[in-house]
1. Out of all the residues in region 1-60, which are free of Cβ contacts under 8 Å to residues at least 12 places away in the same chain, surrounded by 10 or more Cβ atoms within 10 Å (Cβ to Cβ) and among the hydroxyl-bearing types (S, T, Y)?
2. Across region 53-86, what is the total count of residues that are under 30 Å from S36 (Cα atoms) and either touching a His at 6+ places or on another chain (Cβ under 7 Å) or at pLDDT below 80 (or both)?
3. I need the full set of residues from region 1-51 which are aliphatic (A, V, I, L, M), outside any loop (DSSP other than H, G, I, E, B) and modelled with pLDDT of 90 or more, in order please.
Amino acid sequence: MSLFLDTRGLAWAGIGICDRCSRKFPIGELMSDPNSPGLRVCRVDVDELDPYRLPARQTERITLPFVRPDVSVATNPAGLISEDGNTFVTTENFDDYVEP
């Protein structure tokens, strides 16, 4: 036996079929599924919104307030420090310097 839906007094006089349970409903009672917006489902078959299906958050663009310049800030004090770090060799006595 067929089931006839009473659509009197509703905004739409159409009948829709739930995409999950395949039952007939007035078209105004069907809603789009939050996880699959292309599906029109009844209230019983609506899924909860899955947050993992949402698009990823945009990364933040963080810039530091005080950044070092790209050019070298090293100074040349007219001399060199030896490899052991104990001796400072000036350019005047550089030719006479011998590594210990």
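1. The answer is S32, S36.
2. 0
3. I17, M31, V41
The values are calculated or read from the model by the stated rules, or taken from the named source; none is laboratory data. As the structure is a computational prediction, the values presented were derived from the model and not from experiment. Note that each Cβ is placed from the backbone with ideal geometry, even for glycine, and that neighbours are counted across all protein chains shown.
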